[in-house]
Amino acid sequence: MGGIMKSGLIVDPCPSMRVACQTLLAHYDFDVRAVDNGAEAIRQCRINPPDFILLSSVMPDMGGLEFLCNLRQSERGRRAAVLFCSANRSAAAMGLAIYKGAGECLIKPFDADLLDFKLRQIGALPPFDALNMAA
């Protein structure tokens, strides 16, 4: 890939979901960390802000929307691209997450192809070359 390695942070209370996301991200050239709650995620973002965050909508200590509001209060926190992950398929819930600062939403469960597409949408991966895809 070349250049500086992008960093990611997975924030999800479910151990199997964190492992699944780490597995899906393993073939990219990312430095990925994972935490199980919002408070630790905020601490991690203050210490070493990630380029992108896979954020669960539900955590034991705060909701994903509360985390987003907290994250976006700092200059460094405004730079991280956030992929808001939820089992809630409501358009209103997704719209609210984007309004609060998520770059895009991802409905759980998801697969590697959808995750790849959404990472490209938020800029964590380069965009597809549409001309080569049209063939």
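Just so you know, all these numbers are worked out from the coordinates, no wet-lab data involved. For clarity, every value in this text was computed on a predicted model and none was experimentally measured. As a convention, Cβ positions derive from the backbone with ideal geometry for all residues, glycine included, and neighbour counts pool all protein chains shown.
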Contact order normalised by residue count of the chain, Cα under 8 Å, 6+ apart, percent: 20 percent
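Excluding Asp129 itself, calculate the net charge of residues whose Cβ lies under 15 Å from the Cβ of Asp129, where each Lys or Arg counts +1 and each Asp or Glu counts -1.
Details: positive: Arg120; negative: Asp116.
For residues surrounding Asp129, the net value is 0.
Assuming a ≥ b ≥ c are the square roots of the Cα gyration tensor eigenvalues, decide whether the range 60-134 counts as rounded (a/c under 1.5), prolate (otherwise, with a/b larger than b/c) or oblate. Intermediate values should be presented prior to the final figure.
Values: a/c = 2.40, a/b = 1.48, b/c = 1.63.
Here the range 60-134 falls in the oblate category.
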Matching label, Cα Rg over 2.2 N^0.38 Å computed from the structure shown, candidates [x] 1.12; [y] 1.08; [z] 1.01: [z]
Listed residues Val82, Val35, Val11, most fluctuating in the chain (Gaussian network, C-alpha, under 10 Å): Val35
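As a footprinting exposure proxy, order Leu71, Leu125 by other Cβ within 10 Å, with the fewest listed first.
Working: Leu71 25, Leu125 19.
With the sparsest Cβ surroundings first, the list reads Leu125, Leu71.
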Between 0 and 90°, nearest 10: helix 38-47 axis offset from the chain longest Cα axis: 70 degrees
Nonlocal amide H pairs with Val82, under 5 Å, H built at 1.01 Å: Ile53, Gly103, Glu104
Local electrostatic count, Ser56, Cβ distance below 10 Å [Lys/Arg +1, Asp/Glu -1]: 0
Spatially proximal aspartates and glutamates relative to Lys108 (Cα-Cα < 16 Å; intrachain offsets below 8 disregarded): Asp12, Asp116
